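Remarks on the structure that follows.
The values are calculated or read from the model by the stated rules, or taken from the named source; none is laboratory data. Given the structure is predicted, the values throughout are model-derived calculations rather than measurements. Note: ideal-geometry Cβ built from the backbone for every residue, glycine included; neighbour counts use all protein chains shown. Quick note on the areas: whole protein, heavy atoms, side chains included, nothing else; ligands and nucleic acids left out. Shrake-Rupley method; radii C 1.70, N 1.55, O 1.52, S 1.80 Å.
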Amino acid sequence: MEIERKFKIRQFPGELGGYAFQKIEQAYLCVDPVVRIRRQDDQYILTYKSTGMMAREEYNLPLTQKAYMHLKPKADGIILSKTRYLIPLPGNLTAELDIFDDPYEGLIIAEVEFPSVEEANAFTPPHWFGEEVTYSGQYHNSALSRIQP
């Protein structure tokens, strides 16, 4: 089960150079239900996600680079790329700060995953978070892959 809240970012939490980061490329083979392939640095993953906004089922399976490259041309929509910074938050949480590349250059979204819906609902975002977009389907990456900005 994936339980997460999403926010636009008002300002960066200081210099990002001190945080761990990942380069991510992802493509969607289907958006209803969501079937995604992802290259995350040197890892390759096939993901299935059920419907939902804050809480939904998620299953991840490893892929080989060869399988990823075979599936990538079958993408339904644009291929997204972004840099994800991992920023520690109080309560043993992590903000996954996604800075999107072209064609969404300038879009910055933070996702925070939680162990329970109750903890997600009790979360108080830090001051540098902006508008919450958890319940706006347009900020799901699967939706971004379908729409040209």
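Here are the numbers:
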| quantity | calculated |
| --- | --- |
| Normalised alpha carbon radius of gyration of segment 1-88 [divisor 2.2 N^0.38 Å] | 1.20 |
| Full-stretch length increase - residue 79, residue 4 - with 0.36 nm per residue and alpha-carbon distance subtracted | 24.8 nm |
| Karplus 3J(HN,Hα) series, Hz, for segment 15-20 with 6.51 cos²θ - 1.76 cosθ + 1.60 (x for Gly, Pro) | 6, 7, x, x, 9, 5 |
| Of 16, 86, 46, farthest towards positive along the dipole that unit charges on Lys, Arg, Asp, Glu beta carbons give the chain | 46 |
| Net charge over other residues, Cβ less than 15 angstrom from the Cβ of residue 44 (K, R count +1; D, E count -1) | +4 |
| Label-point separation, residue 32 to residue 54 (7 Å along Cα→Cβ), nm | 2.4 nm |
| Theoretical FRET efficiency, 1/(1+(r/R0)^6), r = Cβ-Cβ of residue 65 and residue 92, R0 41 Å, to 0.05 | 0.80 |
| Positive-end extreme of charge dipole, the chain - chosen from 147, 115, 3 (charges on Cβ) | 147 |
| Derived scalar couplings ³J(HN,Hα) [segment 48-58; Karplus, 6.51 cos²θ - 1.76 cosθ + 1.60; whole Hz; x for Gly, Pro] | 10, 10, 7, 6, x, 10, 7, 10, 7, 5, 9 |
| Solvent exposure of the chain as accessible area per residue, Å², 1.4 Å probe | 54 Å² |
| Point-charge dipole on Cβ atoms (K/R +1, D/E -1) for segment 1-136, about Cα centre, debye to 20 | 380 debye |
| Principal axis dimensions, segment 61-106 - Cα atoms, whole angstrom, descending | 41, 28, 14 |
| Cα-based convex hull, the chain, per residue volume (Å³, whole number) | 113 Å³ |
| Under Karplus coefficients 6.51, -1.76 and 1.60, residue-wise ³J(HN,Hα) of segment 123-133 in Hz, glycine/proline x | 5, 9, x, x, 4, 7, 6, x, 4, 7, 10 |
